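Please find one structure pasted underneath; my questions will follow.
Values quoted throughout were computed directly from the atomic coordinates according to the rules given, and no laboratory measurement underlies them. Just so it is clear, the structure is predicted and the values come from calculations on it, not from any experiment. Virtual Cβ from ideal backbone geometry, glycine too; neighbours counted across all protein chains shown.
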Amino acid sequence: MSEVEYRSSGAPLDGYELTRKDHRRQKQSEEISERVRQQVDEDNAKCRADPARAERRRQAFEDAARLMQSFKKQDHEIMRWRVRLYCGHIIETEAHYTYSDPVSAGAHSNRCPECSSDGLTIVAFEPLGLRAEPPAPAIPPPPVPPKKPTRAELERRVKALEEENERLRSQAPLEGAPTSSSKDS
Ligand SMILES: [Zn+2]
């Protein structure tokens, strides 16, 4: 299932010089975060003034949370990434395995657990591996092996064969029937 080619960008653990592009991307990310914050503030103010709006929003959040829950992925569908954030800290992040890198997975604005900065862009990343091994592909179950006879059954069978042997030996060989001595060898 891992036909995705996972990309690396730089080596997160090595030293890293921020480029002009990194600074630009970080600035854009901060501007977007700021706009979102303003919108949330405005929305909060409107909700305080309008209980019906507040209730609609609460419902929308609940629906979204339920939807997210229904999309919950299994561990083998989650790719782990080592990323270096704009602030210089190295953290681990996760994305759906179908994304070739954590940036295209939408993880472009991160909170750093080390310095608590928010809205940080990723400046370098490398794949670490899936959270869990994918399950083996479904293969048809092997045919049920013939039941191994128990020792008692074997002994019974040997005894039956011996009795049959005895019985045959006590009878005169049928006419024309091959006997062990008539075989050429
Ligand atoms: Zn940091």
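Can you compute the helix-only [θ] at 222 nm over the chain? Use -39500 (n - 2.57) per DSSP H run of at least 4 residues, normalise by all residues, nearest 500 deg cm²/dmol.
Rounded to the nearest 500, it is -13500 deg cm²/dmol.
Please state the relative contact order of segment 20-130 as a whole percent: Cα pairs under 8 Å, 6+ residues apart?
Relative CO of segment 20-130 lands at 28 percent.
Here is a follow-up. Please list, in chain and number order, the residues 5+ apart from Ala124 or on another chain whose amide H is under 5 Å from its amide H, with Hs placed from the backbone.
Arg84
Run the simple label-point estimate for Glu155 and Arg131 please: 7 Å along Cα→C-beta, distance reported in nm.
Using points 7 Å along Cα→Cβ, the separation is 5.7 nm.
Here's another thing I want to ask about it. Whose amide H sits under 5 Å from the amide H of Asn110, counting only residues 5 or more places off or on another chain, with H placed in the peptide plane?
Placed amide hydrogens put Gly119, Leu120, Thr121 under 5 Å from Asn110.
Extension gain Phe71-Gln28, at 0.36 nm per residue separation less the Cα-Cα distance, in nm?
12.5 nm
What whole-number distance in Å separates the alpha-carbon centres of segment 125-161 and segment 37-83?
Taking the Cα centre of each part, segment 125-161 and segment 37-83 sit 48 Å apart.
Highest mean first, what order results for 127-138, 6-17 on Cβ atoms within 10 Å?
Peptide ranking by packing, descending: 6-17, 127-138.
Sticking with this structure for a sec: Show me the ranking of peptides 145-153, 36-44 by mean Cβ neighbours inside 10 Å, starting with the highest.
Descending packing order for the listed peptides: 36-44, 145-153.
Could you name the aspartates and glutamates whose alpha carbon sits less than 18 Å from that of Lys27, not counting residues in the same chain fewer than 8 places away?
Those aspartates and glutamates meeting the cut-off are Glu17, Asp118.
To continue, here is another question. If you rank Ile32, Ile122 by fewest surrounding Cβ atoms within 10 Å, what's the result?
Sorted ascending by nearby Cβ count, the order is Ile32, Ile122.
Turning to a different aspect of this structure: If a/c stays under 1.5 just call it rounded; otherwise compare a/b with b/c (prolate if a/b is bigger, oblate if not). Do that for segment 29-129, with a ≥ b ≥ c from the square roots of the Cα gyration tensor eigenvalues.
Taking the square roots of the gyration eigenvalues as a ≥ b ≥ c, segment 29-129 is oblate.
Shifting gears a bit: Among Val123, Val4, Val144, which comes first, then next, by fewest other beta-carbon atoms within 10 Å?
Taking fewest neighbouring Cβ atoms as first place, the list is Val144, Val4, Val123.
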